[in-house]
1. If you wrap a convex hull around the C-alpha atoms of region 132-290 and split its volume per residue, what is the figure in Å³?
2. Per residue, how much accessible area does region 246-367 show when a 1.4 Å probe rolls over the protein heavy atoms, in square angstrom?
3. With all protein chains present, how much of the accessible area of region 183-337 (probe radius 1.4 Å) comes from carbon and sulfur, to the nearest whole percent?
Amino acid sequence: WPAPLRPSDRLARPRPFPMSGREQLLPSPASQPIAEEGPEHREGSSSFPGSSLPSDGAVPFKALFRFATRCDRLLTVAGILGALAQGMTVPLMAVYMQSLFNSIFIPNDDGTLPPEGGPHSLRDKHIRSTCLVFLLLGALAFFSAGMQSLGLERAAEHQTRALRVACFDKLLRKDIGWYDRHTAGEVATLISRSSTSYKDGLVEPLGSLVRSGCSAVLGFGVAFWMDWRMALAMCAAVPFMAGSVLFSINVQTRFSSKVQVQIAQAGGVAEAALSTIRTVAAYGGYSREIRRFDDRLVVAEHIGNRMGLAQGFGTGFVYMIIYASIAVGFYVGSLLVTSGYERGCWRHEPQPFGDCFTGATMMAVLQ
């Protein structure tokens, strides 16, 4: 048995009782490699306990699918295919919108032009076929959107569940000293918010990225195919729009992790106060706990305000560039319409519009 402590040893750590022979052969939890707390596991180095991810929350795109099974990968591929199909509908709609606008001015069967009355079976046939194409595009958009949401949502739900289980497993294997620096409420709040952000990142941003990318690439191709002059004039706004979007993404990435840390610490304060509510009530510490909780929320509010302000300026700049590019498109389109009319473009083939740049073409390129 250990000797009694001397007065000078009262503040020192007491020596453990001697272990039996079998206990000495068993490895302690702290000595196991899986529970070893390396530099990547220290405080402030990662959002998830036991994770080796960078401290700023930025991870490679491939690392987002580290918990995906074969079924999850198939569901993700199905969702991406649905997003691609949905992105194709917008440029195709612009093509058939031009055809619909042009069909309104198709001559009557007797050769007269609207608004002169007369039989117009050819114009009616053209309009009916175009409307049927619009119905098919609507059905394609409906089923592709459902396919995208179903595939990405189910795959993200499965991966998020695996992520939570892995995080809880790492928590149980942590050294006891790790819990001296992290409260239970803080860890629970951080895992809940981070796993929710992880799931949201696998559903809407991924689908929007694929859908918007497909629409942009195919849209530029359709615009240059219809009229390269107006499309080239519209491309002047692309660098400004891309720069503002990248700025908004950078701001959101930088500030969201800071907000999560402050919210997690506020959750830890609330959890600690509620778990010891009898002690808080006995010593009248209501005001102190409320002040500690409010201090964390105030910091998170300031960071959120800065993030919202930066994102607001970025979004406003994007819309300003969009409307400015539309104004430039209308101006260039009107010049092309006027120049085509002055050179007698309607006399050329194919009839009835010849090689004229019409208002329907201008609207299709703007879309």
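1. On the way: hull volume 29.3 nm³, N = 159.
Normalising the Cα hull of region 132-290 by residue number yields 185 Å³.
2. Details: 7800 Å² over 122 residues.
In whole numbers, region 246-367 has 64 Å² accessible per residue.
3. Details: 6270 of 9210 Å².
Carbon and sulfur together cover 68 percent of it.
The values are calculated or read from the model by the stated rules, or taken from the named source; none is laboratory data. Just so it is clear, the structure is predicted and the values come from calculations on it, not from any experiment. Just so you know, the surface numbers come from the protein's heavy atoms only, side chains and all, with ligands and any DNA or RNA stripped out. Shrake-Rupley method; radii C 1.70, N 1.55, O 1.52, S 1.80 Å.
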